[in-house]
2 protein chains.
Amino acid sequence: MADAHRLVVIGGDAAGMSAAAQARRLRPAAELEIVVLEQDGEVSYSACGIPYWVGGQVGGRHELIARTPAEFAAREITVQTGTRVVGIDLDAGHVVAGGGARFGYDHLVVGTGGRPSRPPIPGLDAPGVFGVHRLDDGAAVRAAIDAGARRGLVLGGGYIGLEMAEALQRRGLEVTVVLADPLPMQLLDADMGERVCAGMRGMGMAVHTDQAVREVLLDAAGRACGVRTDEGSYDADLVVLGLGMGPEVTLAAEAGLALGTTGAIDVDHSQRCRDHPEVFAAGDCAQTFSRITGEAAHVALGTHANKQGRVAGSVIGGRPARFPGVLGTALTKVGDLEIARTGLCTTQAEEAGFGYRAETIEATTRAGYFPGAEDMAVKLISERGSGRLLGAQVVGGPGSGKRIDVLATAIWAGMTAEDLAGSDLSYAPPFSPVYDPVAVAARAVSRTEQG
Amino acid sequence: MADAHRLVVIGGDAAGMSAAAQARRLRPAAELEIVVLEQDGEVSYSACGIPYWVGGQVGGRHELIARTPAEFAAREITVQTGTRVVGIDLDAGHVVAGGGARFGYDHLVVGTGGRPSRPPIPGLDAPGVFGVHRLDDGAAVRAAIDAGARRGLVLGGGYIGLEMAEALQRRGLEVTVVLADPLPMQLLDADMGERVCAGMRGMGMAVHTDQAVREVLLDAAGRACGVRTDEGSYDADLVVLGLGMGPEVTLAAEAGLALGTTGAIDVDHSQRCRDHPEVFAAGDCAQTFSRITGEAAHVALGTHANKQGRVAGSVIGGRPARFPGVLGTALTKVGDLEIARTGLCTTQAEEAGFGYRAETIEATTRAGYFPGAEDMAVKLISERGSGRLLGAQVVGGPGSGKRIDVLATAIWAGMTAEDLAGSDLSYAPPFSPVYDPVAVAARAVSRTEQG
């Protein structure tokens, strides 16, 4: 028997472990050896759960770990934690680990993940400034709170910023959010972002918008004690960074793998690097594309990482597979306010050259007379003329957010607003008004087409 | 100026009032007079809310009334409550009310609604046996509970039966449910119906299946005190009928309007009676059709009534409109168990001649580590070969039920299971696992196609 082929995976989180698991499903160990190299001590953890661990809703670090190296070992996937890859030799077909060890591969999956944005602000590296990327980051924030931090300052108003703001408030901290943008959640239109901003202020958070941070202020011990913007200074016992996520491509770029226009690793629809068909990239380090416009995109989300990893693992396992693109669906909450979006916002629709119509409606999550009915707003964007749905945004009380999936599915399928307005959505008083808010929004935007 | 045309509407609930309101939006009173004749004292009420009023979650009868006759009067729609129509003269173009008054029409909308099924069981008309159709029915059940009823017996395991069982239990009654079918929720497949049955028993309800009721037992005063089946007798202080709903077509049939194969009034896709283009029927009295098979169907639900009424009103108002058919989407809950379905169940798929595949998966409503994550099961049915989705069923804890809308939208759009598995659904730990249960089910059934 010939030697087994070897798949090496760099990075043991969503993309890498999905690739490994899918390849193993399709090819037994006798045919394919699988080695995963992970620089940290844990694999397959839910970074998305860190804010809820900090906030105390999730009991322990171990709960965020979906599978351990031992569980992968039972499936004949070798996971080497604490193994940092320092180089990829594409010509030789091996990767080099920190101590100099070489791992030859027949197939390589690059799953190096994302890199939190760290603008060149003086003091950003000081103690007391925390990221939200790895489990150790979460542990560090928890330790700072346990040590007595009373005032938390969050930089950035994206979903990580919002979730960390909620977490700090749940732990009893006074919360200040400072953002360079005019509103939180920049992938919402302004009318919807204003609802989020008002909701956060209603929760008692101080939200300072349109203020780029110029400096992290340090106390005598060199520890962060606040930030300074052009408009003022804000004290804090801890500072959390939620400034977005770029692709971690250092290794890939050094090896000579091509990067795309977004700065992420350029791959085809099967997650294959174009000039190196034996190399795949998946997850936050890889470029992807918009399902609607076909244009290159970089969207750092666990859902895509899982699916892209699975695509790579399928192809490596011998089964053709394609990643079908992204809509940019995102869902989060701050307190009881749920926030979701999918497809193109009006700015993106304009940039993509669409003539569009947009309508925002207000409704309730349940029948108006039913206890727990909460306000919710739905914004829909459709292509002028065809009526095809291009984008959707939802902001509202409990029960609002997951409705984005109906809209994402309608956009995915190329439905028009009129199609959706006439579709057979469910109704019962504890769950929705007789016309679901989604249908009300669809009717509103389709009516603008009818004139 | 010529006299205004007159639209007469028989029945002032969802279908009739939607027709009236939509016609009025399109044509002013100078052009179109609108008269609604309603036999009861109220119009535009939410019959679907009655169980929640009985159960005490909705405070008062008035909360279930969406709009009063005075509100319609302000929109120049005349509503005559307490006016029972006893005849339609299609040749003369008028309807006759109880006292002999005639109302001539240019257009007529028949919105006579549904008729609760009342099988010929001795004693079914006795005091102590209650329907759940009109607000007066709800008031009567409430009065019986207030008068001291302690044991409630529900006949039937459809959504009205389940909702009333929950309502009675909320009010402190011992609840027994007796059904002729082998399982509750006959529009679910057996594996899903069993989950419902187990859930009800887990709530402490006595559920007796496969037992047709032969007789309502009466006490010395002639009041219902239980029921007798072939297998036993069950005591009760009140008996609630939840045996389903047929179309109320007495007036239509007597007038000579054609009925369809389902026994409901036969209409075209614009809700027009085929031989009488000036007459429309909408809502629970009208036949409709399956979006999937094109075949005639009768589905008594407020959502369709509203939409069909609006279609009729649009056409009468001069704007072409078509009702696009139904999937049979339905959503309910019993206690914390949410139950939803759409499209074809396996029996229906077989009857319609489809080769199909079906898969049931188990997942959780939120990330498994997030507080409040509850079990949920999703069953998907797809066409063999094409992979097109045909039907879906969901049973699970809070947050499960409304996910049926994603599946209904996918079926509406003609998506395959593979399309749905790859689509961009939302994820955040408080809302779903990283693969939403909907996507997990889609992948499971699409995998059966791949072999």
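Could we say that B:Leu251 is under 21 Å from the mean Cα position of the chain (by Cα), in contact (Cβ under 8 Å) with a residue 24 or more places away in the chain and under 30 Å from B:Gly111 (Cβ atoms) here? Here the answer is no, as B:Leu251 does not meet what is asked. The residue that is farthest from the other protein chains (Cβ to nearest Cβ), counting only those in segment A:434-451 that are over 30 Å from B:Leu162 (Cα atoms) and crowded, with 23+ Cβ neighbours inside 10 Å, is A:Val445. Scanning segment B:83-114 for residues that are of a type in the set (A, V, I, L, M, F, W, C) and surrounded by 13 or more Cβ atoms within 10 Å (Cβ to Cβ) returns B:Val85, B:Val86, B:Ile88, B:Leu90, B:Val95, B:Val96, B:Ala97, B:Ala101, B:Phe103, B:Leu108, B:Val109, B:Val110.
Listed by position, the helices (runs of 4 or more DSSP H) enclosed by segment B:115-213 that each have at least 3 residues that are out of contact with any His (no Cβ under 6 Å at 6 or more places or on another chain) and surrounded by fewer than 21 Cβ atoms within 10 Å (Cβ to Cβ) are B:135-146, B:190-202. When A:Leu243 is tested against (1) touching a Ser or Thr at 6+ places or on another chain (Cβ under 6 Å); (2) within 30 Å of A:Ala20 (Cβ to Cβ), just one condition goes unmet, and that condition is (2). Using the structure shown, decide if A:Pro324 is in a loop (DSSP other than H, G, I, E, B), touching a helix residue (DSSP H, G or I) at 6+ places or on another chain (Cβ under 6 Å) and within 11 Å of another protein chain (Cβ to nearest Cβ). Here the answer is yes, as A:Pro324 does meet what is asked.
Residue check: A:Phe280 meets all listed conditions (1) more than 14 Å from every other protein chain (Cβ to nearest Cβ); (2) in a loop (DSSP other than H, G, I, E, B); (3) in contact with a Lys or Arg (Cβ under 7 Å, 6 or more places away or on another chain) but one, namely (2). Within segment B:110-143, the set of residues being among the hydrophobic types (A, V, I, L, M, F, W, C), free of Cβ contacts under 8 Å to residues at least 40 places away in the same chain and in contact with a strand residue (DSSP E or B) (Cβ under 9 Å, 6 or more places away or on another chain) comprises B:Ala140 only. Mind checking whether some residue in segment B:82-90 is in the same structural domain as B:Thr250 (by TED's automatic domain parsing) and in contact with a Ser or Thr (Cβ under 7 Å, 6 or more places away or on another chain)? Looking for residues that are in the same structural domain as B:Thr250 (by TED's automatic domain parsing) and in contact with a Ser or Thr (Cβ under 7 Å, 6 or more places away or on another chain), one finds none in segment B:82-90, hence no.
Of all residues in segment B:8-25, those that are within 13 Å of B:Phe72 (Cβ to Cβ) have Cβ atoms under 7 Å from Cβ atoms of residues that are at pLDDT below 95, 6 or more apart or on another chain, in B:Gly12/B:Val43; B:Gly12/B:Ser44; B:Asp13/B:Val43; B:Asp13/B:Ser44; B:Asp13/B:Tyr45; B:Met17/B:Val43; B:Met17/B:Ser44. Just for segment A:339-380: of the residues that are within 12 Å of chain B (Cβ to nearest Cβ) and hydroxyl-bearing (Ser, Thr, Tyr), which one is nearest to B:Ser44 (Cα to Cα)? Here the residue is A:Tyr369.
Within segment B:257-271, the only residue that satisfies the criterion of being surrounded by fewer than 20 Cβ atoms within 10 Å (Cβ to Cβ) and either outside the structural domain of B:Leu90 (by TED's automatic domain parsing) or assigned to a strand (DSSP E or B) (or both) is B:Leu259.
Working only within segment B:368-386, note down all residues that are out of contact with any Cys (no Cβ under 8 Å at 6 or more places or on another chain) and buried (at least 22 other Cβ atoms within 10 Å of the Cβ).
B:Tyr369, B:Met376, B:Val378, B:Lys379, B:Leu380, B:Ser382
So in segment A:415-433, with the set limited to residues that are among the small types (Gly, Ala, Ser) and touching a strand residue (DSSP E or B) at 6+ places or on another chain (Cβ under 6 Å), which one is farthest from the other protein chains (Cβ to nearest Cβ)? Looking at residues that are among the small types (Gly, Ala, Ser) and touching a strand residue (DSSP E or B) at 6+ places or on another chain (Cβ under 6 Å), I get A:Ala417. When the test is whether a residue is facing another protein chain (nearest Cβ under 10 Å), more than 26 Å from the chain's Cα centre (by Cα) and farther than 25 Å from A:Val299 by Cβ, B:Pro398 does not pass it.
Going by what's in this entry, would A:Ala221 be described as surrounded by fewer than 24 Cβ atoms within 10 Å (Cβ to Cβ) and modelled with pLDDT of 95 or more? Yes; evaluated as a whole, the condition is true for this residue. Of all the listed residues (A:Val406, A:Val299), the sole one being without any contact (Cβ under 8 Å) to a residue 40 or more places away in the chain, within 23 Å of the chain's Cα centre (by Cα) and part of a loop (DSSP other than H, G, I, E, B) is A:Val299.
The values are calculated or read from the model by the stated rules, or taken from the named source; none is laboratory data. Predicted model, so just to flag it, every value in this text is computed and none were measured. For neighbour counting, all protein chains shown are included, and Cβ atoms are generated from backbone atoms with ideal geometry for every residue, glycine included.
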